[in-house]
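The values are calculated or read from the model by the stated rules, or taken from the named source; none is laboratory data. Predicted, not measured: the structure shown is a model, and the values here were computed from it. A quick note on method: Cβ atoms are made from the backbone with ideal geometry, for glycine too, and the neighbour counts reach across all protein chains shown. For the accessible areas, the whole protein counts, side chains as well, though only heavy atoms, and no ligand, DNA or RNA atoms are used. Shrake-Rupley method; radii C 1.70, N 1.55, O 1.52, S 1.80 Å.
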Amino acid sequence: MISVLVVIDAKAEPQTRPNILFIGVDDLRPELGCYGSPIAVTPNMDALATSGLRFNRAYCQQAICGPSRVSLLTGTRPDTNGITHNYVKLRQRNPDILTLPQHFGNHGYDTVYLGKIFHHGDLDPASWNRQPSKNRREVRNLKKPVGFALPENQKIQKETRKQMIAKYGDVAKLGLAMGPAYESANVPDNTYGDGYHTDLAIATLKDLVADDNKPFFLALGFNKPHLNWVAPKRYWDLYDREEIPMATQTEAPQDGAAVGLHPSFELRVRSGIPKIGEMDPDLSRTLKHAYLACVSYVDAQVGRIIAALDESGVRDNTIIILWSDHGYHLGEMGMWCKATNYELATRVPMMIWTPQMPSANRGKATDGLVELVDIYPTLCDLAGIEPPSHLEGTSFKPLIANPARAWKTAAFSQFPSPALREWGSFPIRPAMRETYFGPLLNQVEHRIQTQMGSKWDRELFEHDLTGYAMRTDRYRIVAWKDTKHPDTAPLFVELYDHQTDPAETKNVANEHPERVAELLSQLNAGWTAAAPAAQEAK
């Protein structure tokens, strides 16, 4: 638990400081045109990248919504803040911690959010000092957004929920009745949450600009492309489904950790998705089409809020940063979801535009290793605000000035036993074994037991085993550790060589024991030893 003394900067001149447009996207991997996707239709995020700086190697600290967002918004890592699953709120573990928007609020900023910034259910009122402008004329009569627009899908969700609760009791309320995995409906953008919240964000922006004696921190969080993959039909129509490239690496990594791959629990709770076994090719194509439609839907909303910022007249004094909370597997390694320690789940798109960045650097990309935990100190640095002492990231402002400069030697992520965690990273509840997931869990456990032999211990593997991942310029290493005995040797180690195997198809740890020993030493030295300042001091 972290306690932080809140100090309000009474001497600051907030009106001279830059505004912040803080854009978060849920479950978005670098499936964008500007990241080389051959299919994604994302002109607005591409335009932001070509006018700002794109980060090619940005990584989250835990590839699940709640922990990743807490890490980003507090500038601390999961083992420090204690948030490693979705079912605990920030202040339950960290009652006095100073969040990023709260810190800006203490330095004269109006802070307000729309959509999903912290995880659902964790609104954290202490972080925000202003409410969205819901009473402006243009948004006063907006209908509340819906999860599904089509009556048949609403009916499926309602009936499934009733059946699941009747059969399984309260455990069904934790995600067993989510309705269909996707929807294409010929409806306006604001029928669903992301379009609705963009409308409110634009109205709120107008009021923030009108109150021009204070800078603003406006956070807009998009729910898509998180499941369920619902998007207006016009965004589905941007794609020819037969032209969508599908995953080619659909098998688990050779000799990889059996505990490191989950059986796509989050997708399987949706109606129409098989509860055991592989997704058939036709369904897989539909699912990827649905994901891409949601990406384009979000891209359109990004374009709308940036266009509103341009029209407001304050773009030249506003920093725009766009990030995703984690990546996503779209059939790769046989999975559909996040929640792993691999490149696909931990690598995220991130880009920044600042008024003062060198014009020669606009549209450039950096290969410097950065982490979401770096956003907090960076925004403080760019705004001229002293960062709080508890931060565990590094300002990447120097990369904006020189994208090619030497930077961190490693980025760090972690995840507790993905194969034995529910979709929110919570240990498998006993009741879940009584649901249709029972046979699937038996298969999962059999694979782990076969691989681990005498090392298998149910209590350890379900509750105390965490994979600690480190990404260097060339390698990804994952050390599976007993968190109750962190100084003991890892129970299993994975090593992937991105120079020869960028898709992480084969664990080569047993072939390179000296390299493993070297990287484990670096992993144990932690983030402070990997920071640029530590390298410059050598």
Open item on the list: Explain nothing, just the number: relative contact order of the stretch 116-270, from Cα pairs under 8 Å at least 6 residues apart, as a whole percent.
Closed with: 30 percent
- [ ] Taking all protein chains together and a probe of 1.4 Å, list Thr204, Thr500 from the most accessible to the least accessible.
- [x] Thr500, Thr204
TODO: Would you work out if the stretch 277-359 is rounded, prolate or oblate? Take a ≥ b ≥ c from the square roots of the eigenvalues of the alpha-carbon gyration tensor; rounded if a/c is under 1.5, else prolate when a/b is larger than b/c, oblate otherwise.
DONE: oblate
Task: Relative pair counts by distance (%), Cα atoms of the stretch 193-252, 5 Å bins - done: 4, 13, 14, 16, 14, 11, 10, 8, 6, 4, 2, 0
Open item on the list: Roughly how far apart, in whole Å, are the Cα centres of the stretch 169-212 and the stretch 501-518?
Closed with: 43 Å
TODO: Show which aspartates and glutamates lie in cross-link reach of Lys214 when reach means a straight Cα distance below 17 angstrom and same-chain residues fewer than eight apart are skipped.
DONE: Asp9, Glu13, Asp110, Asp316
- [ ] Let me have the relative contact order for the chain, percent, based on Cα pairs under 8 Å that are six or more residues apart.
- [x] 22 percent
Open item on the list: If I model a spin label as a point 7 Å beyond the Cα along the Cα-Cβ vector, how far apart are those points for Thr50 and Lys144 in nm?
Closed with: 4.1 nm
- [ ] Provide Arg315, Arg140 ordered by accessible surface of protein heavy atoms (probe 1.4 Å), highest first.
- [x] Arg140, Arg315
Open item on the list: At 1.4 Å probe size, what's the solvent-accessible area of His197? Round to the nearest 10 Å².
Closed with: 40 Å²
Task: Whole-percent carbon and sulfur share, accessible surface of the stretch 48-194, 1.4 Å - done: 49 percent
TODO: Using only Cα positions of the stretch 472-538, each an equal point scatterer, no hydration layer, compute I(q)/I(0) via Debye at q = 0.14, 0.24 Å⁻¹ and quote the log10 values to two decimals.
DONE: -0.48, -1.09
Open item on the list: Could you give the length gained by full extension between Asp96 and Asp170, i.e. 0.36 nm per residue of separation minus their alpha carbon distance, to one decimal place?
Closed with: 23.4 nm
Task: Kirkwood Rh and Cα Rg combined as Rg over Rh, evaluated for the stretch 336-486 - done: 1.09
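Evaluate E = 1/(1 + (r/R0)^6) for Arg474 and Arg315, where r is the Cβ-Cβ distance and R0 equals 51 Å; express this FRET efficiency to the nearest 0.05.
0.85
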Open item on the list: Output wanted: per-residue J couplings in Hz (rounded whole) for the stretch 90-103, from phi through Karplus 6.51 cos²θ - 1.76 cosθ + 1.60, θ = phi - 60°, x for Gly and Pro.
Closed with: 3, 6, 5, 9, 9, x, 10, 5, 9, 7, 4, x, 4, 5
TODO: Using Cα centres only, tell me the gap between the stretch 367-398 and the stretch 59-99 in whole Å.
DONE: 16 Å
Open item on the list: Apply the a/c threshold of 1.5 to the C-alpha gyration tensor of the stretch 106-192 and tell me whether it is rounded, prolate or oblate.
Closed with: oblate
Open item on the list: Using 0.36 nm times the number of residues separating His120 and Gln163, minus their current alpha carbon distance, what extension gain do you get?
Closed with: 13.0 nm
TODO: Express in % the proportion of alpha carbon pairs of the stretch 146-303 at distances exceeding 21 Å.
DONE: 58 percent
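Calculate what fraction, in whole %, of the accessible area of the stretch 435-538 sits on carbon and sulfur atoms when a 1.4 Å probe is rolled over the protein chains. Before the final figure, lay out the partial values.
On the way: 2700 of 5340 Å².
Ligands and nucleic acids excluded, carbon and sulfur give 50 percent.
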Task: Carbon plus sulfur fraction of accessible area for the stretch 249-289, probe 1.4 Å, in percent - done: 51 percent
Open item on the list: Please compute the Kirkwood hydrodynamic radius of the stretch 215-283 from all pairs of different C-alpha atoms, in Å with one decimal.
Closed with: 16.0 Å
Task: Exceeding the 23 Å Cα-Cα cut-off - candidates Lys155/Lys233; Lys364/Lys397; Lys134/Lys155; Lys155/Lys338; Lys162/Lys275 - done: Lys134/Lys155; Lys155/Lys338
TODO: Report the dimensions of the stretch 215-355 along its three principal axes from the alpha-carbon atoms, largest first, rounded to Å.
DONE: 54, 34, 26
Open item on the list: Ratio of alpha-carbon Rg to the 2.2 N^0.38 Å globular estimate for the stretch 163-208, to two decimals, please.
Closed with: 1.81
Open item on the list: Quick check on the chain: of the DSSP beta bridges with both residues there, what percent are antiparallel, nearest 5%?
Closed with: 50 percent
Open item on the list: For q values of 0.09, 0.11, 0.12 Å⁻¹, compute log₁₀ I(q)/I(0) with the Debye formula on a Cα-only model of the chain, without solvent.
Closed with: -0.64, -0.98, -1.19
Task: Computed P(r) (all Cα pairs; the stretch 56-148; 5 Å bins; percent) - done: 2, 13, 20, 20, 17, 13, 10, 5, 1, 0
- [ ] Jot down the per residue volume, in cubic angstrom and as a whole number, of the convex hull over the alpha-carbon atoms of the stretch 339-398.
- [x] 106 Å³
Task: Solvent exposure of the stretch 182-253 as accessible area per residue, Å², 1.4 Å probe - done: 38 Å²
Open item on the list: With every protein chain left in place and a probe of 1.4 Å, what is the accessible surface of Arg447, to the nearest 10 Å²?
Closed with: 120 Å²
